[in-house]
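K.L.:
Pasting a structure below so you can have a look.
The values are calculated or read from the model by the stated rules, or taken from the named source; none is laboratory data. The structure displayed is predicted, hence computed values, not measured ones. Please note: Cβ atoms are built from the backbone with ideal geometry, for glycine as well, and neighbour counts cover all protein chains shown.
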Amino acid sequence: MPRPTLIAPSILSCDFGRLAEEVRAVEAAGAGLIHVDVMDGRFVPNITIGPVVVEAVKKVATLPLDVHLMIVEPERYVGDFIKAGAATVTVHQEACVHLHRTLELIRSLGARPSVVLNPATSLSTLEDVLPLVDQVLLMSVNPGFGGQSFIPHTLAKLQRLRAMLDERGLGRVDVEVDGGINADTAKQVVAAGANVLVAGHAVFRSGDYRKAIAALLGK
Ligand code: DX5
Ligand code: ZN
């Protein structure tokens, strides 16, 4: 069943000196979720934000926080991020030795479990956990930085993911895509089956957040 497309602006590309204002501005401009990129300098070559910043965002946000953990051993921190206000917690398949247990942990703590694959990781690695998740995220860039170019191979992968979910009666699962989303790639990923679109540069580096989000929604 077709579902509404949601735009999830990634605060990684915002002006951190005006964080609260930036969150309010994208909410007023039509965002559907707030995407928070957590990086540890180990899983990815960049360090960003921790639970205290998530807590600060939670104080001003009215939309759910979609927290993307690009960290090793995420099971050590999911509790802290949920306490800080994460509604959805996304963990990398590549970072979880016990992925099944970690997804169950997220649900048991009251958040929506979500799993993400790097561009090089096969969808087959998800076969045995799909019934446990509320969302699957496919990286359309190698994680670590905003402003990179969309990897076209993601389109076929999105189509295969949607088919895998439909075959299993899991059409309720959100399919998110992250990296290099602009008005052109947005149209393509929606046609391929994505319904949650993360966008960093396309929103925060635009002069007009409302216009930028409308363009990503194909309006
Ligand atoms: C990449 C992050 C993305 C990033 C997207 O590692 O997970 O969420 O902020 O930024 P853009 O949309 O600029 O590619
Ligand atoms: Zn992200």
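K.L.:
Cβ-Cβ under 6 Å, sequence separation 6+ or interchain: first residue in region 45-61 and over 15 Å from Cys14 (Cα atoms), partner part of a helix (DSSP H, G or I) and aromatic (Phe, Trp, Tyr). Which pairs?
P.N.:
Between residues of region 45-61 that are over 15 Å from Cys14 (Cα atoms) and residues that are part of a helix (DSSP H, G or I) and aromatic (Phe, Trp, Tyr), the close pairs are Pro51/Phe81.
Residues checked against (1) crowded, with 17+ Cβ neighbours inside 10 Å; (2) hydrophobic (A, V, I, L, M, F, W, C); (3) touching a Phe, Trp or Tyr at 6+ places or on another chain (Cβ under 9 Å); (4) modelled with pLDDT under 95:
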{"site": "Leu109", "(1), (2), (3), (4)": "no, yes, no, no"}
{"site": "Leu155", "(1), (2), (3), (4)": "yes, yes, no, no"}
{"site": "Arg162", "(1), (2), (3), (4)": "yes, no, no, no"}
{"site": "Val175", "(1), (2), (3), (4)": "yes, yes, no, no"}
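K.L.:
Kindly indicate the residue of region 165-187 that is of a type in the set (Asp, Glu) and over 16 Å from the mean Cα position of the chain (by Cα) and also farthest from Val203 (Cα to Cα) among those meeting that condition. Can you show your working first?
P.N.:
Step one: list which residues in region 165-187 are of a type in the set (Asp, Glu), which gives 166-167, 174, 176, 178, 184.
Restricting the remaining residues to those that are over 16 Å from the mean Cα position of the chain (by Cα) gives 166-167, 184.
Details: Asp166: 31, Glu167: 34, Asp184: 14 Å.
Per the stated criteria, the residue is Glu167.
K.L.:
Identify all residues within region 66-83 that are free of Cβ contacts under 8 Å to residues at least 40 places away in the same chain, closer than 16 Å to Met39 by Cβ and hydrophobic (A, V, I, L, M, F, W, C); write none if there are none.
P.N.:
Val67, Leu69, Ile71, Val72, Val78
K.L.:
Just name the residue that is nearest to the chain's Cα centre (by Cα) out of those in region 188-202 that are surrounded by fewer than 24 Cβ atoms within 10 Å (Cβ to Cβ) and farther than 25 Å from Pro113 by Cβ.
P.N.:
Checking each candidate, the answer is His201.
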